[in-house]
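Let me begin by presenting the structure, written as structure tokens, before commenting on it.
The values are calculated or read from the model by the stated rules, or taken from the named source; none is laboratory data. In this text, all values refer to a predicted model and were calculated from it rather than measured experimentally. Heads up, the Cβs are rebuilt from the backbone with ideal geometry, glycines too, and the neighbour counts pull from every protein chain shown. All accessible areas refer to the heavy atoms of the entire protein, side chains included, with ligands and DNA or RNA removed. Shrake-Rupley method; radii C 1.70, N 1.55, O 1.52, S 1.80 Å.
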Amino acid sequence: MIIKPLLTVLCLTVALSVFSGCGEEPKTPAVQSSPAANTANQPNTQNGAQAGNLTGNQTAAQNANQTGSPSSNAGTSTSSTGKATDPAPSKPGIKPVATNPESITVLVNKQQALPDSYEPKDLVYPNVPFTFKEQIDKRKMRKEAAAALENLFEGAKKSGINLAGVSAYRSYATQKTLYNNYVKQDGEEKAKTYSAVPGHSEHETGLAIDVSGSDGKCAAQNCFAVTKEAKWLDSHAAEYGFIIRYPDGKEAITGYQYEPWHLRYVGIQLSKELTQKNLTLEEYFNAVPVQARK
């Protein structure tokens, strides 16, 4: 009889302890995200802001780097955005080669060559007078440059200046023949001051042309510098996308003597900037030969 009341009390005690936990959520420690995780979830605006703040000059310089300036080398590659990636080390004794010869701002000089067997794909005959009548290769220029040349000749004519083309496009083979003839005539050292080694001539790009007055006097000669045609070109060529590629006083940088007759098409935006700042392509692309740096 005494055992039953004790069992009853024990059962009631156990039941109360069980039911006291009902209805409560199990408590678990709160999970805090790490600082690294928080940072990763935030948009990276710094790079975007920097990219948005690139000036036109920087963009032009980048575009130009994809062509392989002398400050880069043949191992330079470009992304789809036109930005140059880290160049591979160049081999000793091997000169850089332009990686994008089709660019109108391509840098071709004594330090940097065009690719082997390069030939522009869009050569046309500009509708301008030349000092000869034959329809031959040296009349040709790339399509965009040819159209710009027509505008330049028309602008000069309105100013009372009558121009004529002397020599535009040259193939590698033609440049090789010319250069070898000059070497035989004046010796290699002298020839290199006014003629390019094959593969290094701007004429091979289809973007350059030598011009003179319509009478052909002083064509590709030093006396052209004092003509009214040369003075007009010096003042107005940039308005049509051309530059005097080998200006006076920059011989140590370009490697060539002053050639007021040699026009190079680079597009209106760049031609105006180069002319206003009195820069050569080498200076603009930070590709001045080491021996010319002060």
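Of note:
- From most to least packed by mean Cβ count within 10 Å, the peptides 260-270, 126-136 give 260-270, 126-136.
- Rounded, prolate or oblate (a/c below 1.5 giving rounded, otherwise prolate when a/b exceeds b/c) for region 182-263 by Cα gyration tensor: prolate
- Accessible area per residue for region 211-266 is 41 Å², calculated with a 1.4 Å probe on protein heavy atoms, without ligands, DNA or RNA.
- Most to least packed among 118-124, 156-162 [average Cβ atoms within 10 Å]: 118-124, 156-162
- Here the accessible area is traced with a 1.4 Å probe on the protein chains. For region 209-264, carbon and sulfur cover 48 percent of it.
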